[in-house]
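Okay, so here's the structure we're looking at.
The values are calculated or read from the model by the stated rules, or taken from the named source; none is laboratory data. If you're wondering where the values come from, they're calculated on a predicted model, not measured in any experiment. FYI the Cβ positions are ideal-geometry reconstructions off the backbone, even for glycines, and counts take in every protein chain you see. With ligands, DNA and RNA removed, areas are computed over all heavy atoms of the protein, side chains included. Shrake-Rupley method; radii C 1.70, N 1.55, O 1.52, S 1.80 Å.
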Amino acid sequence: MTPPRPAPPRPVLVLNGPNLDLLGTREPHLYGPHTLADVERLCRTTAHTLGLAADVRQSNHEGVLIDAVHEARTAHRGIVINPAAYSHTSIALRDALAAVGLPVVEVHLTNIHRREPFRHHSHVSAVADAVVCGAGVHGYVLALTHLAHLLDADGHADGHGDGDR
C-alpha cells in the first residue's frame, strides 16, 4: 500500500503596501532593522511550516495592489495584507478585499493606535477577519498562523468551504 501523498501547499498572498520597500532604512526606530527581503524570507519560511505557499509582493501603487487582490480570488486561498498608509485612505483597496471573498488578515508592524490620530482608523480592518498590529515583523508570523487556522477551520483543505465568511 502506498502512503498517502501530503496535501500540496495552499497558496496565499502576502501583500505589502507603500513604502515597505524601504524597511530597514525608513524610521528604524519605528519599523525596526529588518528589510523587506527579511520579511519575505520570514513569510515564505513560516508559510512552508504551516502547509502554505506564500506569494509575497510589494507595491507603492494602489492599483497594482488592487489588481493583486483581484488575482488572488482565483489564485490564492487567503490574503495577509500590510496596506501601510493605504489602510487609512483607500476605500478602493478595502472594497477589493471585500469583493474577493477570501479570508483576510491585516498586519501592521507598529501599533497604529499608539501613533498619530490619522493612523488610528483602518478601512481595511472592517473587512479583515483579524488584525495584528504592534508586533513588528513577528506580526507576519502571527498573521500567517491565523490565516492557516482560518483555512483549517473552514473544513476544507482548499480553503473554499462553507466556513463563517
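Listed conditions (1) over 19 Å from residue 151 (Cβ atoms); (2) within 15 Å of the chain's Cα centre (by Cα); (3) crowded, with 17+ Cβ neighbours inside 10 Å are all met by residue 14, apart from (1).
So which of 113, 146, 121, 108 is in contact with a strand residue (DSSP E or B) (Cβ under 9 Å, 6 or more places away or on another chain) and open to solvent by 70 Å² or more (accessible area, probe 1.4 Å)?
Working: 146 fails: open to solvent by 70 Å² or more (accessible area, probe 1.4 Å); 121 fails: in contact with a strand residue (DSSP E or B) (Cβ under 9 Å, 6 or more places away or on another chain); 108 fails: open to solvent by 70 Å² or more (accessible area, probe 1.4 Å).
Answer to the check: 113.
Summed over region 27-64, the residues that are touching a residue at least 24 places away in the same chain (Cβ under 8 Å), among the aliphatic types (A, V, I, L, M) and farther than 30 Å from residue 6 by Cβ give a count of 1. Conditions first: (1) under 25 Å from residue 96 (Cα atoms); (2) more than 15 Å from the chain's Cα centre (by Cα); (3) of a type in the set (Asp, Glu). Residue 55 passes all but one, so which condition is the exception? Residue 55 satisfies all of (1) under 25 Å from residue 96 (Cα atoms); (2) more than 15 Å from the chain's Cα centre (by Cα); (3) of a type in the set (Asp, Glu) except (2). Among the residues of region 100-112, which ones are without any contact (Cβ under 8 Å) to a residue 24 or more places away in the chain and over 19 Å from residue 27 (Cβ atoms)? Scanning region 100-112 gives no hits.
Quick one: how many residues across region 76-89 are outside any loop (DSSP other than H, G, I, E, B) and open to solvent by 40 Å² or more (accessible area, probe 1.4 Å)?
2
Residue 99 meets all of the listed conditions (1) under 18 Å from residue 65 (Cα atoms); (2) open to solvent by less than 50 Å² (accessible area, probe 1.4 Å); (3) of a type outside the set (S, T, N, Q) but one, namely (2). Note on region 24-37: residues that are outside any loop (DSSP other than H, G, I, E, B) and open to solvent by less than 50 Å² (accessible area, probe 1.4 Å) amount to 3.
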